[in-house]
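Written below as structure tokens is the structure these notes are about.
The values are calculated or read from the model by the stated rules, or taken from the named source; none is laboratory data. All figures in this text were calculated on a predicted structure; none of them were measured in a lab. A quick note on method: Cβ atoms are made from the backbone with ideal geometry, for glycine too, and the neighbour counts reach across all protein chains shown.
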Amino acid sequence: MAERARNPELGRGERVERGVFRLRLPLPWPGVPHCNSWAVQSGDGVVLFDTGMHQPDSMAQLERAMAMCGLRVEQVVLVVCTHAHLDHCGQAGEIVARAGCELWMHPNHDGLRRMISDPQAVLGRQLEVARQSGVPEAALRRYAAERSSGDLEVFPVPEPDRALVDGVTVDTDLGTWTTYETPGHAPSHVCLYQPEHRLLISGDHLLGRISLYFDYGSAPDPVGEYLRSLDLVAGLNARLCLPGHGRTFTDVRAHIDASRTLVDQRLAAVAEAIALEPLSPFEIVPRVYGEAVTQANAHWLLSKILCYLAHLHTAGLAYVIAGEPERWLGSDRPVAPAAAEADQAGAETHAGAAKP
Ligand SMILES: [Zn+2]
Ligand SMILES: [Zn+2]
């Protein structure tokens with residue numbers, strides 16, 4: 001989990017193209033200072049793609065950004081969320097209540113529902129995954145103590161009025177946008193494409209500054225899903241990408257290729273790390289990212305490493321050795337002394353014990 005930080009950012013709005021406005025909204029996360037909502041003209045109002053995160057003054061920031069474009073929250077005729085992460089759907093409840101409009105979102109948002117209904121259980125599961133991954137007990141206790149103190153509560157996001165699945169269309173003055181399911185970053189992720197103007201609303205599937213994240217535990221192989229989703233989006237031939245964070249960009253194909261290359265590099269680095277000795281995900285992190293696991297980056301980096309391991313396992317290139325913590329090896333035949341010891345200790349080294 002990212003640390004909370006004072007954020008001097010203010011909501012800002014700007015026109016991108018005729019009838020398309022970027023609303024840049026502040027986030028409380030170091031390293032990810034803001035996210036985008038996209039307001040697209042639709043008759044007297046706008047369709048709002050993504051909402052920003054709910055924070056104490058977040059509606060004021062949204063109002064400020066919309067006012068800079070001559071828009072008001074009450075003019076929103078429909079809220080469409082690219083995925084069920086809180087920086088993209090967190091304000092949906094307040095906006096639909098004020099505007100009296102519908103919310104459309106993909107139905108695979110169980111993780112969000114669990115965060116709303118039982119945040120303590122979600123924290124417990126995160127700690128269990130971290131323990132299995134080799135995070136030391138003292139760090140886990142410290143993290144649990146800090147996270148139990150009230151910042152677990154998630155502002156409710158209503159159930160969507162419509163399931164935003166493949167082929168669902170959204171009408172705007174620019175023309176009709178079509179929904180494409182693009183799981184990987186999150187199981188609920190979709191992109192929306194407007195073919196006449198070749199505009200792509202990409203959420204967190206494609207970002208201007210290449211950055212990867214996968215929801216661990218949401219699917220057997222989120223990385224594989226992400227790669228297939230990149231192929232799908234590559235076939236759309238978008239001219240301009242409207243991403244979930246950062247500026248718009250036109251070299252969409254290059255961003256798709258760079259995202260794929262980064263996945264390949266990370267997979268290769270993980271495979272290399274576990275080629276000769278069994279390692280826990282906690283031990284793999286510094287070998288792949290060049291930085292140790294800290295409280296600030298633990299959830300982010302361990303989720304990614306676990307997803308890369310799951311992908312390598314799917315390809316028969318990584319095997320888990322049961323234990324506390326679980327360790328991973330790039331071969332089902334231990335070749336290093338450490339691995340041999342683990343084997344003698346009764347550990348299993350076969351695909352059947354692999355997660356998830
Ligand atoms: Zn996201
Ligand atoms: Zn995001």
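Miscellaneous remarks
- The set of residues from segment 160-199 being buried (at least 18 other Cβ atoms within 10 Å of the Cβ), part of a strand (DSSP E or B) and more than 16 Å from ligand 1 (Cβ to nearest atom) comprises V170, T172, W177, T179, Y180, Y193, Q194, L199.
- Test set (1) touching a Phe, Trp or Tyr at 6+ places or on another chain (Cβ under 9 Å); (2) outside any strand (DSSP E or B) - N36 fails condition number: (2)
- Considering A138, A130, the condition of being buried (at least 16 other Cβ atoms within 10 Å of the Cβ), small (G, A, S) and part of a helix (DSSP H, G or I) is satisfied by A130 alone.
- Unique residue being of a type in the set (K, R) and either under 19 Å from G13 (Cβ atoms) or modelled with pLDDT of 95 or more (or both) when the list is R98, R114, R125: R98
- Subset of segment 99-113 [surrounded by 14 or more Cβ atoms within 10 Å (Cβ to Cβ), more than 19 Å from G184 (Cα to Cα) and not acidic (D, E)]: A99, C101, L103, W104
- Search result, residues across segment 221-245 that are more than 16 Å from ligand 2 (Cβ to nearest atom) and not in a loop (DSSP other than H, G, I, E, B): V223, G224, E225, L227, R228, L230, D231, L232, V233, A234, L240
- Failed condition for S218, given (1) away from ligand 2 (no atom under 16 Å from the Cβ); (2) within 21 Å of the chain's Cα centre (by Cα); (3) more than 22 Å from V252 (Cβ to Cβ): (1)
- Candidates H34, H83, H106 - the one that is over 30 Å from R327 (Cα atoms) and touching a helix residue (DSSP H, G or I) at 6+ places or on another chain (Cβ under 8 Å): H83
- Among (1) surrounded by 13 or more Cβ atoms within 10 Å (Cβ to Cβ); (2) more than 23 Å from the chain's Cα centre (by Cα) - the single one L123 does not satisfy: (2)
- Looking across segment 43-64, the residues that are part of a strand (DSSP E or B) and either closer than 16 Å to L199 by Cα or within 16 Å of ligand 2 (Cβ to nearest atom) (or both) come down to V47, L48, F49.
- Within segment 74-109, tally of residues that are within 12 Å of ligand 1 (Cβ to nearest atom) and polar (S, T, N, Q): 1
- Selected residue (criterion: surrounded by the fewest Cβ atoms within 10 Å (Cβ to Cβ)) from residues of segment 246-298 that are part of a helix (DSSP H, G or I) and in contact with a Ser or Thr (Cβ under 7 Å, 6 or more places away or on another chain): F282
- Test: residue in segment 135-142 that is within 23 Å of the chain's Cα centre (by Cα) and assigned by TED's automatic domain parsing to the domain that holds G217: no
- Of all residues in segment 65-93, those satisfying the criterion of being in a helix (DSSP H, G or I), of a type outside the set (A, V, I, L, M) and surrounded by fewer than 19 Cβ atoms within 10 Å (Cβ to Cβ) are E74, Q75, G93.
- Remark: pairs (first residue in segment 63-80, within 15 Å of A97 (Cβ to Cβ); second residue polar (S, T, N, Q); Cβ separation under 9 Å; 6+ apart in sequence or on different chains) = V77/S42; L78/S42; V79/T51; V79/Q91.
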